[in-house]
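Enquirer: Take this structure, written in C-alpha cells, and hold onto it; I'll ask about it next.
The values are calculated or read from the model by the stated rules, or taken from the named source; none is laboratory data. What you are looking at is a predicted structure, and each value in this text was computed from that prediction instead of being measured. Cβ placement follows ideal geometry from the backbone for every residue including glycine, while neighbour counts extend to all protein chains displayed. What goes into the accessible areas is simple: the full protein's heavy atoms, side chains included, and nothing from ligands, DNA or RNA. Shrake-Rupley method; radii C 1.70, N 1.55, O 1.52, S 1.80 Å.
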Amino acid sequence: MKDVFKFDSESLLQPELIHEIRLQYQLNWRGIHGIGHFLRVRENGLRLARENGALVPVVELFAFLHDARRLNDARDPGHGSRAAELARSFHGRFFQLAPEELELLEYACRFHTDGLTEGDLTVQTCWDSDRLDLGRAQIKPQASKLCTDVAKEPQVIEWAYGRSLAG
C-alpha cells in the first residue's frame with residue numbers, strides 16, 4: 001500500500017483504516033472501482049476542497065468508502081447505503097468525526113449514485129470528486145451533472161478526465 005499512497009499524519013486515512021477497507025472489499029482491488037479510483041477521487045476532492053472550503057476529512061474518507069461495499073462493477077443500487085453503514089461502523093474505531101461531519105459522510109456515500117446536485121457544499125464536493133473520475137469508464141464528465149462551480153470549470157474537467165483515462 002505504501003507504494004501507491006503516502007500516509008499523512010494529519011489525514012484520517014491511516015494504514016489501519018485502509019487495511020480494514022481492503023479486508024472487506026469484495027472486488028478486484030486494482031479494478032475499475034478499486035484503489036486507483038479511490039486515490040483519484042481523493043485527489044479530485046482535495047483539489048476541489050482547497051478551492052471551495054469543503055471539509056477535507058469528510059472528502060478524504062468519502063473517497064475510500066463510497067465504493068468500498070460494492071458487490072459488482074456494474075449496476076449495484078445498494079452499494080451507497082452499504083458504504084454509509086460501513087462508515088458508521090468504522091467511526092470511533094478507525095477515525096473520529098464530529099456528529100455533523102459523520103452525517104455528511106453517510107449522506108454523501110448513501111446518495112452518490114442518485115444524480116443529485118443540490119446539497120451541502122462538502123457533500124457536493126464528494127459527489128463531484130467521484131463524477132470527475134468517470135473517464136475510467138470512457139465517459140467524459142459533463143458540467144451539467146456536476147455540483148460545484150470549481151468542478152464545472154473546463155480546465156478542472158480536462159485535468160480530471162486526463163488522469164482518469166490514464167488510470
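Enquirer: In percent, what relative contact order does the stretch 25-128 have, based on Cα pairs under 8 Å that are 6 or more apart in sequence?
Expert: About 29 percent, as a whole number.
Enquirer: Using 19 Å as the cut-off for backbone N distance, which residues of the stretch 55-75 belong to the label zone defined by a point 7 Å from the Cα of Glu20 along Cα→Cβ?
Expert: Those under the cut-off are 57-70.
Enquirer: As a test of understanding, state the convex hull volume per residue of the stretch 120-167 from its alpha carbons, in Å³.
Expert: 59 Å³
Enquirer: Next question. In whole angstrom, and with the biggest value first, how far do the Cα coordinates of the stretch 15-125 range along each principal axis?
Expert: Each principal axis gives a Cα extent; for the stretch 15-125 these are 33, 30, 23 Å.
Enquirer: Continuing with this model, one more query. So how far, in whole Å, is the C-alpha centre of the stretch 99-156 from the one of the stretch 48-90?
Expert: What the calculation gives is 11 Å, centre to centre.
Enquirer: Scaled to the compact-protein estimate 2.2 N^0.38 Å, what is the alpha-carbon radius of gyration of the stretch 85-167, rounded to two decimal places?
Expert: 1.20
Enquirer: Can you put Ser89, Ser144 in order of accessible area, largest first, using a 1.4 Å probe?
Expert: Ser144, Ser89
Enquirer: Residues of the chain: accessible area per residue at 1.4 Å, in Å²?
Expert: Numbers: 8040 Å² over 167 residues.
Ligands and nucleic acids excluded, the result is 48 Å² per residue.
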